[in-house]
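Just so it is clear, none of the values below were taken in a lab; they were calculated from the coordinates. These figures come from a predicted structure and were not determined experimentally. Here Cβ is always computed from backbone atoms with ideal geometry, including for glycine, and neighbour counts include all displayed protein chains.
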Amino acid sequence: MHILIPVWFHGFDSIMYFISSIIGFILSFYFYKIYSISNEKRHLYLYLGFLFLSMGLLILSITNLFSYIALSNCRNSCLLGITDNVFSFEDFSYLTYFGLSLFAYVMFLFAYRIKEFKFSKFFIIGFLAYLIVISILLPFNEEPRVWHSYHEYFHLVSLIMMGFLSFRNIINYIEKKSLGSLLVMVAFFFIFLFHLFHIFSFISGWMYILAHISMMTGFSALLLMVLRVKK
C-alpha cells in the first residue's frame, strides 16, 4: 500500500517531527531528574522511552528535510545517483526510527505495567518475542524491502502498544481525576491516533496530515503537563 502525502505538506512534517523531538528530549531530561531523586524503575523506563523516541523523531526530521531539499533542487533534471542516495538514506533512517520507536514503546509498557498481575510481565515478554519473530520473517519476503514495506507493520504494532497505554492512562485518570493525569491520557490517546491515521494514509492525503496533527497535539499535552509540574 502506498502512502498518500500532499505535495504542499511535504516539508511541514519535518518541522513537526523536529518540534516533537525537542519536547521529547525535555520530557526525557525531566524524568531523568525525577529518577535521580526517586531511584524508581518506572521513571527510568520513562526516561529511556522518551530519549529513544526523541532520537527516532529527530532522525526522521533530518531525513525528511534532506529528502525535501534534494528533490526540490532536483526538479526534472534528477540524476539517478542522487535519487538513489536519497532513497537509500530514507530507508536506513526510517528503519532506524521504527526500531527506536518500538524500543521506546516497550519501555513505556514496562513503566505502565500492572504490578499486581504477573500476567502483564508475561504479556510484554510474549509481545517482544512476537516482534523478534516478525523482524526475522519479514526480510524473507520475495518482494524488495524498502521502508514503505514495513510501514503498515510498524504502525499496526505501535497501535496495539499505544492502545494498551491509552487504556492504562484512562483508568489512571478515572482514579485520580487530576489535570496532570488528564493531560497524560490525552497525550497517549493522540499518539494512538497518530498511528491509526498512518495506517489509513493510503486512503487520502488528509489521513497523513491528521496523523501529524495528532502527534503534535499529543506531545503538546505532554509539554503542558511538564510545565504544570515544574510550576
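A few comments on the model shown:
- Residues of the range 180-202 with amide N under 17 Å of the 7 Å Cα→Cβ point at HIS10: 202
- If R0 equals 22 Å, the separation of the Cβ atoms of LEU224 and ILE170 corresponds to a calculated FRET efficiency of about 0.75.
- Global geometry of the range 155-231, whether rounded, prolate or oblate, following the gyration tensor of its Cα atoms and the 1.5 cut on a/c: oblate
- Stretchable slack from ILE62 to LYS177, in nm (0.36 nm times residue separation minus alpha-carbon distance): 37.5 nm
- Take 56-66, 174-184 and order them by the average number of nearby Cβ atoms within 10 Å per residue, most first; the result is 56-66, 174-184.
- Footprinting exposure proxy for SER20, SER93, SER38 (fewest neighbouring C-beta atoms within 10 Å first): SER38, SER93, SER20
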